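Student: Provided herewith is a single structure, encoded as structure tokens, for subsequent inquiry.
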Amino acid sequence: MQPQSLDDGLVMRTAQADDVPAIIEHVMAVHGEEVVNGVRAMYAHHPRKSWEDCFLIVDERSGTVVSSLILLPGSWMLDGVEVPVAQMEAVGTLKEYRNRGLIHKLNVEFEKRIEAHGSVVQVIAGIPNFYRSFGYEYGADLGGGFPVAPSLVPKLPEGEDEPVEIEAVDQKGLKGYLAYREQAMPPGTWVKAIKPADFKYYNFDAPNPKTEGWFFHVVRENSKIVGIFILSRWESRLDIIDLYLDSFSHVDSVLRFALSKSEEYGGHTVRVAPPNQSQIWEFVQARTGTALRHRYSWYVKIPSVERFLQAIAPVLRKRLCGSDYKDFVGELKVTDYKQGLAIQIDKCNITEIREMAEKDPGGYDLRLPHGALTRLVMGYETIDELQSHEPDTICRASMLPLVRALFPKLRATVDPFY
Ligand SMILES: CC(C)(COP(=O)(O)OP(=O)(O)OC[C@H]1O[C@@H](n2cnc3c(N)ncnc32)[C@H](O)[C@@H]1OP(=O)(O)O)[C@@H](O)C(=O)NCCC(=O)NCCS
């Protein structure tokens, strides 16, 4: 991106290494101390960060960074398929410069980089409502948890040791963590891909309990890994995320460990993020005596539905093979009232996805506004849910069962959220 002069002595440009101190000062002023180490790690250690993806607006007279955001490339997994994702992060403008369109200007440059990256999905775990103006939709569950009341967790009987050992993971130990995670990954759930190269980024030094941090752990029984989890410390909470265990009987040990860490940090509320294993979910719910609370949602933008469907074609194939449509040969024609697509299916296989020039919405089997289409293909809402409250989601009755088979409801536990 070429630097662009804006009014009032401001310049919009990409960042470079020597901007980091000014960026950190900006982050301190906009978001506070809590996130500073995490944002510093984005600039210093994110394995896929490029300076071309770090956007700033600077007051050239003082050198102050007045507005900034960053694009972090990564991927989400769905049923073993890796989907390239561009995450927008660390979005902020100094108070005195707000409502002048600065983030909107930075977003124009962000979108140009998306084209260069070829990302299939754009995401942000952002503040309520704001990102709708950039074309994002709520499209996948985010966060929330079961709060853990210490008095409900059984104490270890006097003189007894924990039945399992809990060990902090270092770069070397991450291999075992990821191998366990891969075999535990649940079907029908969006999950974040974590790579060995990500460890240095996530595992930044976070000695101050008031700041965010991620702490990877394995659970061992007779030295064998029988579980994994991450302690995610943020906003005075200590969340147990990415929790997978061989047995529900180890949940109490994990809870006791998290509660002791919380005491060390000065009394953070411990929560368990919704576990993917159904038995662990039930046990955690019973143990905490509470329902899942405070779920939010990822903003999702799908720049090309055609590219998205091509990326998840192996998932669509599995869905069709397991449905009444395993022998179906034909086309599903879909429009968002602006653009049209024909998905050609031949006995479970998606053989072609092609653009359609047809302008008459009546020429399509499924028509729905782009936002509803995003929620459908992400599995955030089913066709029946959409039809129950959005009258402009219309599907030819004969194709309704096919749409149900292709796009079922999905869960999402996309952690860590940066
Ligand atoms: C949110 C924030 C980044 C916007 O920055 P900005 O430079 O003022 O953004 P822009 O000027 O490009 O856009 C402002 C417009 O969005 C609107 N807006 C602000 N917050 C909004 C919200 N939550 N929902 C809808 N619209 C919102 C403003 O009213 C304004 O509308 P207008 O253009 O019609 O006047 C800035 O307020 C900020 O830094 N907030 C604190 C940190 C934060 O919350 N960051 C986001 C973390 S995900």
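Every read-out reported here was derived from the displayed coordinates using simple, explicitly stated rules and does not represent laboratory data. Fair warning: this is a prediction, and the values are worked out from it, not measured in the lab. Note that each Cβ is placed from the backbone with ideal geometry, even for glycine, and that neighbours are counted across all protein chains shown.
Student: Considering only 362, 320, 389, whose Cα is most displaced toward the positive end of the charge dipole of segment 263-418, charges sitting on Cβ of Lys, Arg (+1) and Asp, Glu (-1)?
Tutor: The listed residue farthest towards the positive side: 320.
Student: Which net charge results for the neighbourhood of residue 315, defined as the other residues with beta-carbon distances under 13 angstrom from its beta-carbon, given Lys and Arg at +1 and Asp and Glu at -1?
Tutor: +1
Student: Taking K and R as +1 and D and E as -1, what net charge do the other residues with C-beta under 11 Å from the C-beta of residue 365 add up to?
Tutor: +2
Student: Sticking with this one: With the cut-off at 25 Å, tell me which of the pairs 155/210; 112/200; 301/409 have Cα atoms farther apart than that.
Tutor: Those over the limit are 155/210; 112/200.
Student: Continuing with the same structure: Based on DSSP, what percent of beta bridges with both residues in segment 304-409 are antiparallel, to the nearest 5?
Tutor: 90
Student: Among the lysines, which have Cα under 19 Å from the Cα of residue 195 when same-chain residues fewer than 8 positions away are ignored?
Tutor: Cross-link targets: 49, 172, 175.
Student: Still on this structure: Where does each of 234, 51 land when they are ranked from fewest to most other beta-carbon atoms within 10 angstrom?
Tutor: In order of increasing Cβ crowding within 10 Å: 51, 234.
Student: Between residue 182 and residue 48, how many nm apart are label points set 7 Å from Cα along the C-beta direction?
Tutor: That separation, rounded to one decimal, is 1.7 nm.
Student: Another question about this same structure. Taking the Cβ of each residue in 351, 290 as the centre, tally the other Cβ atoms inside 10 Å and list the residues starting with the fewest.
Tutor: The order, fewest Cβ neighbours first, is 351, 290.
Student: State whether segment 146-296 is rounded, prolate or oblate according to the following rule on the C-alpha gyration tensor (a ≥ b ≥ c being the square roots of its eigenvalues): a/c under 1.5 gives rounded; otherwise a/b larger than b/c gives prolate, and the remaining case gives oblate.
Tutor: rounded
Student: From the Cα gyration tensor of the chain, with a ≥ b ≥ c the square roots of its eigenvalues, which class applies: rounded if a/c is under 1.5, or else prolate if a/b is larger than b/c, or else oblate?
Tutor: Oblate is the answer for the chain, as a/c is 1.5 or above yet b/c matches or exceeds a/b.
Student: Still on this model: Sort 87-99, 247-259 for me by packing, meaning the mean count of neighbouring Cβ atoms within 10 Å per residue, highest on top.
Tutor: By packing density, highest mean first, the sequence is 247-259, 87-99.
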